[in-house]
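Participant: Attaching a single structure in structure tokens format; questions to follow.
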Amino acid sequence: MTYTVLIPARLASTRLPNKPLVDIAGLPMVVRVAQRVKAGLDASIRVVVAADNASIVAACESHQIECLLTRVDHPSGSDRLAEACSLLGLSDDAVVVNVQGDEPLIDTGLVSAVADLLQAHPHATMGTAAHAIHDVADFKNPNVVKVVTDASGLALYFSRAPIAWWRDGFANGIDTLPDPAPLRHVGIYSYRVGFLKTFPTLPQAPIEVVEALEQLRAMWHGHRIAVHVSPTAPGPGVDTPEDLERVRRLIQDKGSMAV
């Protein structure tokens, strides 16, 4: 199917200053992300960075990456994506995939799979991904977001809590995992453009505020989210200086983008 990949890039970051422009093996990180996505997808797929600062635009253009300058005051990435859709003149029935600008090891197969969800699930307005959790510590970690789905692969709920709760197996504490394995949510999304333009106008949901998970706003307002279950976990993203050094080592060890 035809879709557009949008990569939001915000210069300000409390944990890693100027994060989109940090160097990874000779390239600004956001450029490396965009190049990796373009190299792994069909040439017909448009890849666009949605930036909030002219320095990001300049870095992208110097490496032949299409980039839009969006407003600096957007409260969320979804708002930035909605503006990008308007600037690009995308129709309401078009599909976009949001790839984070701090995922230089993104699996491009995952990008395609998440886009295809909206063709396979015509009543869903969003698509996302997940993979099996095999570590008890991850299952208990509130920074690891979990998701449960129905029989058709549509999300029933996202939570920072351990879900689904194994009533009998967890009676004495969580020291093993149920079968089938619980699912960890992966932060990549596909959207129908009409929904994406509307999403920032929806009132926040009580469950969204409690869990601090923006996707719960869509579900609370009656929208469905389709979930692709990946057989493997994605490569590490970059949120901190320690993450940056780890990714630099991984790419250096491989000697190319194809990590």
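The values are calculated or read from the model by the stated rules, or taken from the named source; none is laboratory data. Every value quoted in this text rests on a predicted model; they were computed, and no experiment measured them. Every residue, glycine among them, receives a Cβ derived from its backbone with ideal geometry; neighbour counts consider all protein chains shown. Accessible surface areas use protein heavy atoms only, side chains included; no ligands, DNA or RNA. Shrake-Rupley method; radii C 1.70, N 1.55, O 1.52, S 1.80 Å.
Participant: Do we find a residue being of a type in the set (A, V, I, L, M) and open to solvent by 40 Å² or more (accessible area, probe 1.4 Å) anywhere in the stretch 110-125? Write out each step before concluding.
Facilitator: Just the residues of the stretch 110-125 that are of a type in the set (A, V, I, L, M), to begin with: 110-111, 113-115, 117-118, 120, 124.
Okay, now just the ones that are also open to solvent by 40 Å² or more (accessible area, probe 1.4 Å), so 120.
Taking every residue of the stretch 110-125 in turn, at least one turns out to be of a type in the set (A, V, I, L, M) and open to solvent by 40 Å² or more (accessible area, probe 1.4 Å).
Participant: Among the residues in the stretch 154-170, are any surrounded by 14 or more Cβ atoms within 10 Å (Cβ to Cβ), under 18 Å from Val114 (Cβ atoms) and not hydrophobic (A, V, I, L, M, F, W, C)?
Facilitator: no
Participant: Taking the condition in contact with an Asp or Glu (Cβ under 9 Å, 6 or more places away or on another chain) and under 24 Å from Gly101 (Cβ atoms), does Val186 pass? Don't jump to the end; show me each part of the working.
Facilitator: Working: in contact with an Asp or Glu (Cβ under 9 Å, 6 or more places away or on another chain): no; under 24 Å from Gly101 (Cβ atoms): yes.
For Val186, the condition - in contact with an Asp or Glu (Cβ under 9 Å, 6 or more places away or on another chain) and under 24 Å from Gly101 (Cβ atoms) - is not met.
Participant: Next question. Among the residues of the stretch 53-80, write down those that are open to solvent by 20 Å² or more (accessible area, probe 1.4 Å) and within 18 Å of the chain's Cα centre (by Cα).
Facilitator: Matches in the stretch 53-80: His74, Pro75, Ser76, Gly77, Asp79.
Participant: Out of the stretch 182-224, which residues are open to solvent by 30 Å² or more (accessible area, probe 1.4 Å) and small (Gly, Ala, Ser)?
Facilitator: Residues satisfying the conditions are Gly187, Ala212, Gly222.
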